[in-house]
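The values are calculated or read from the model by the stated rules, or taken from the named source; none is laboratory data. All values reported here derive from a predicted model rather than from experimental measurement. Neighbour counts run over all protein chains shown; Cβ positions are idealised from the backbone, glycine included. We work out accessible area using only protein heavy atoms, side chains counted, and drop any ligands, DNA or RNA first. Shrake-Rupley method; radii C 1.70, N 1.55, O 1.52, S 1.80 Å.
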Amino acid sequence: MEIFLAIVYLLISLILGLLVTFSTTRLFIRAIRRKYNITPQNVSFAILLASVIFSVGYIISGVLEPAFKMIATVRMLEKNGTDVFFSVVKYGTIFGAVGFVVSFLVIFLGMYLFNFLNTEIEELEEISNNNIAVGILVGTIIIVITLFVKGSIIFFLENLIPYPEMPIRT
């Protein structure tokens, strides 16, 4: 049974990775590239997009660990296979959605705050002009912010796991 569960975990990780990569690319292109009229050949935007994809993927990869802990906990609590399946789908959806939404919020908030604090240049305008140095700088800032917030997001999600109450012996 454990080898089956390991295969299921692998498939969940693979599917989630593909979905996150694809949806992040689509959402970011719609949010930024079209607003600033950035061409597909813009290297600076590609660097920024790669940083965003990495950051979202990094946060979501951290979400997998508490999600898998939750699956193990549900398997211990639930005896019916159908109940286990629906619990896994419910909590997996919650964890994935929270991780995805929070990662985008962190990225856009980080970009906005950096843009607000740095009054010398307009980062997205420079990226639309294919300023590679600015693309690298903003991409690096996004990655660094992601490195700092990942632990907090995982801690939040781990507190959503329905651990069984342990009887207290007196």
Read through the list (1) open to solvent by less than 60 Å² (accessible area, probe 1.4 Å); (2) in contact with a Ser or Thr (Cβ under 6 Å, 6 or more places away or on another chain), then give the number of the only condition that MET111 fails. (2)
Checking the structure you have, find out if any residue of region 61-84 is under 18 Å from the mean Cα position of the chain (by Cα), open to solvent by less than 20 Å² (accessible area, probe 1.4 Å) and among the aromatic types (Phe, Trp, Tyr). no
Filtered residues of region 33-44 (kept if part of a helix (DSSP H, G or I), touching a residue at least 40 places away in the same chain (Cβ under 8 Å) and open to solvent by 10 Å² or more (accessible area, probe 1.4 Å)): VAL43
For THR24: the one exception among (1) open to solvent by 60 Å² or more (accessible area, probe 1.4 Å); (2) within 23 Å of SER152 (Cβ to Cβ); (3) of a type in the set (Val, Ile, Thr); (4) modelled with pLDDT of 80 or more: (1)
Scope region 109-128; condition out of contact with any helix residue (DSSP H, G or I) (no Cβ under 8 Å at 6 or more places or on another chain) and either aromatic (Phe, Trp, Tyr) or in contact (Cβ under 8 Å) with a residue 24 or more places away in the chain (or both); matching residues: TYR112, PHE116, GLU125
When every residue in region 119-158 that is of a type in the set (Gly, Ala, Ser) and open to solvent by less than 60 Å² (accessible area, probe 1.4 Å) is compared, the one nearest to ARG33 (Cα to Cα) is SER128
